1. Just give me the residues in region 27-62 being loosely packed, with under 14 Cβ neighbours inside 10 Å and either within 25 Å of residue 194 (Cβ to Cβ) or acidic (Asp, Glu) (or both), in sequence order.
2. Every residue in region 30-66 that is β-branched (Val, Ile, Thr) and touching a Phe, Trp or Tyr at 6+ places or on another chain (Cβ under 9 Å), please.
3. When only residues in region 307-323 that are crowded, with 22+ Cβ neighbours inside 10 Å and not β-branched (Val, Ile, Thr) count, which is modelled with the lowest pLDDT?
4. Within region 462-492, which residues are touching an Asp or Glu at 6+ places or on another chain (Cβ under 7 Å), surrounded by 24 or more Cβ atoms within 10 Å (Cβ to Cβ) and in a strand (DSSP E or B)?
5. Quick one: in region 5-26, of everything that is over 30 Å from residue 210 (Cα atoms) and not small (Gly, Ala, Ser), which residue is surrounded by the most Cβ atoms within 10 Å (Cβ to Cβ)?
6. Filtering region 86-106 down to residues that are among the hydroxyl-bearing types (Ser, Thr, Tyr) and buried (at least 21 other Cβ atoms within 10 Å of the Cβ), which residue is farthest from residue 204 (Cα to Cα)?
7. Return yes when residue 304 is outside any loop (DSSP other than H, G, I, E, B), at pLDDT below 95, within 25 Å of the chain's Cα centre (by Cα) and of a type in the set (A, V, I, L, M) and no when it is not.
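The values are calculated or read from the model by the stated rules, or taken from the named source; none is laboratory data. Keep in mind the model is a prediction, meaning the values are calculated, not measured. Cβ sites come from the backbone with ideal geometry, for glycine too, and all protein chains shown count toward neighbours.
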Amino acid sequence: MIYQSDALSVKRLDGDIAELNFDLQGESVNKFDQKTVTSLTAALAALEAEKGIRGLLVTSAKPVFIVGADITEFTSLFGAAKEDIKPFTGTNNANFNRLQNLPYPSCAAINGAAMGGGLEICLACDFRVMSSAAIIGLPETKLGILPGWGGTVRLPRILGVDEAVMWIATGAEKRADDALKAGAVDAVAGPEQLRAVALATLQGGVDGKLDYRRRRKAKSSPLPLNDTEAMMAFFTIKSMVAGQAGKNYPAPVKVVDVIEQARGMSLDEALDVEADGFAELATTPVATALVGVFLSDQLLAKKAKGWEKKASKKIERAAVLGAGIMGGGIAYQSSLKGVPIRMKDIAQSGLDLGLGEANKLLSKRVARGRMTPEKMGEVLNNIDPTLSYEGFDSVDIVVEAVVENPKVKHAVLAETEQHIREDAILASNTSTISITYLAQALKRPENFCGMHFFNPVHAMPLVEVIRGEKSSDEAIAATVAYANRMGKKAVVVKDCPGFLVNRVLFPYFDGFSKLVRDGADFQAVDKVMERWGWPMGPAYLLDVVGIDTGAHAGQVMAEGFPDRMTLDFKTATEVMFENERYGQKNGKGFYEYIADKRGKPKKTVSEETYKLIAPVVAERKEFDREDIIARMMLPMATELARCLEDGIVGTPAEADLALLYGIGFPPFRGGVFRWMDTVGLAHIAEASKKFAHLGKTYELTEGMQAKLANGETYY
């Protein structure tokens, strides 16, 4: 053994080949935490001192190669000055340079995910062989930063500028065939042949059949572009990347700037430019927010896994009540992820609609090359349409997704309970109706909870799992386990009107109603909130949700929280509802919708809307952009704070992710609590005073006031 630590080891193999093997003890994956970085420094020193080595094989003892840096260690850098951040990249850059400059060739055997720093160490090697089951990528821009260990330097010199920029700017994961085609790896092998192929490739370098020195020179030299070529290439690339990234995500454009600035430099000079770019981005609120989202997502996954471990049995078979678009979406997602499902409806037309929805979604996957026709047939065959309860005695969980009517749901749930096993879980996909109330119809309320999907089911990651007063831990655990099997992000919340997401969404809509009442143009409000980062403004969102759905849910919320969600004026949304302008579903709402060439509804401005709402709104006038944002966001922020204080949701992280995954809150802001931390509660308090006349939803909660007084933040 040449070197050994708790993170990695170096040993001699036959033929004077050394193997550097990453195996971080106590962790399920390898990552570049401080322990690994320190160990790598020592291992390289040992290799440099060892006599007679002719080649180096770099491997992993874990199912993945290296997932990248330890993000939890990285967060300590936020708030630091640029000059304090640069050293973070220095040690490993020195390590990777030493690896690249060893007096013999090196080859990485990539057996699993090599992401971020995991790929960057592979780029420092002379050769790369990839398992056909592996993935590689540089996802740093998704965290608001850029690769800091040579990714922006070596990858363009290996792939060429255009291809490298697309890899880095998008942060996309690349599978083996794509990596081989691009030239990022030298060979692809089946998992069982990976080691042998990597050793053979390395031997080619040792024997002089493969010129590793030429490769090193290319990675250490300026990019082979003259000034004219560079000017044309970077101008085009920068415009394209800026257009795709948008103004709220600076990292992708910074990637292009860094590569362009370093194009004529040597390796060390280029790495210094990269380090400057990394440090600059790391000081931005966007990086803080996006890294926060990443860590919160890990927390959410950990909590979901914890619930799944509490489940007494696995979810092997499921059923959904009510076909239609929602039921069909649930059936599709369940079957796609390997859980066969029975889909029941009272009418054949409903079953046809549900199957049609599943067939449409699967056909799109086949058309895009993401699924074979054979696999599509298998998924469809695992959706069993039925007009009866036959076979319901063999399912582990039933999701009720019938019409949003308490009486109908009571009847359907009570009837279903008679046809399922005593230990089977029953869940309601209601968006507003109390789970505790619905449980009154059941003999076994402990086996019942809420499972609120968001539409469209296949696209929206969030599932709210709602605990009623009598819901057992077993019911929650089994339902979270099913959500996990379906590939969804489960947030467990307590029962209340609107649960979590709708409870905080409707005060936001109320803020919109008050703005329009006071003379704001709904189009102007939409534009301000979209520029602020929302995927669509409130009027457009109401049209997409369905104004009839919004009217019903708004009534439920007003009844549940009359002190702050009952409006004492007629809203523009009510006018839309009364005039049967329900939004996209019937082509008319605040906007009008006509299908484009691809069949997607195209939004157009409707003058009729202005005529209809004229009697209930003040004379149109312009509002300050910051006032619009404050009037829209304050009601959402105060209600979310109430949810946290009331114990409806467990942590700020879960609350923030619920809004990101459920209604598209801007990721670069990190969530409502993260946004409040960024702007400061003092700023929120000033806006609260300014708009106190608008009602209770603009008042700081007791918890917010306490945090303000104590100088505390949510994170």
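1. Within region 27-62, 28, 48, 61 meet the criteria.
2. To start, the set of residues in region 30-66 that are β-branched (Val, Ile, Thr) comprises 36-38, 41, 53, 58-59, 64, 66.
Once the filter is applied, which keeps residues that are β-branched (Val, Ile, Thr) and touching a Phe, Trp or Tyr at 6+ places or on another chain (Cβ under 9 Å), region 30-66 yields 36, 53, 58, 59, 66.
3. In this case the residue turns out to be 323.
4. Selection gives 466, 491.
5. First pass over region 5-26, keeping only residues over 30 Å from residue 210 (Cα atoms): 5-7, 24-26.
From the residues that got through so far, the ones that are not small (Gly, Ala, Ser) too are 6, 24-25.
On the way: 6: 13, 24: 23, 25: 9.
Here the residue is 24.
6. If we take residues in region 86-106 being among the hydroxyl-bearing types (Ser, Thr, Tyr) and buried (at least 21 other Cβ atoms within 10 Å of the Cβ), then 89 is farthest from residue 204 (Cα to Cα).
7. Values: outside any loop (DSSP other than H, G, I, E, B): yes; at pLDDT below 95: no; within 25 Å of the chain's Cα centre (by Cα): yes; of a type in the set (A, V, I, L, M): yes.
No.
Quick grid of which residues meet (1) within 27 Å of the chain's Cα centre (by Cα); (2) surrounded by 13 or more Cβ atoms within 10 Å (Cβ to Cβ); (3) within 17 Å of residue 449 (Cα to Cα):
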{"position": "349", "(1), (2), (3)": "no, no, no"}
{"position": "353", "(1), (2), (3)": "no, yes, no"}
{"position": "361", "(1), (2), (3)": "yes, yes, no"}
{"position": "366", "(1), (2), (3)": "yes, yes, no"}
{"position": "371", "(1), (2), (3)": "yes, yes, no"}
{"position": "374", "(1), (2), (3)": "no, no, no"}
{"position": "382", "(1), (2), (3)": "no, yes, no"}
{"position": "399", "(1), (2), (3)": "yes, yes, yes"}
{"position": "406", "(1), (2), (3)": "no, yes, yes"}
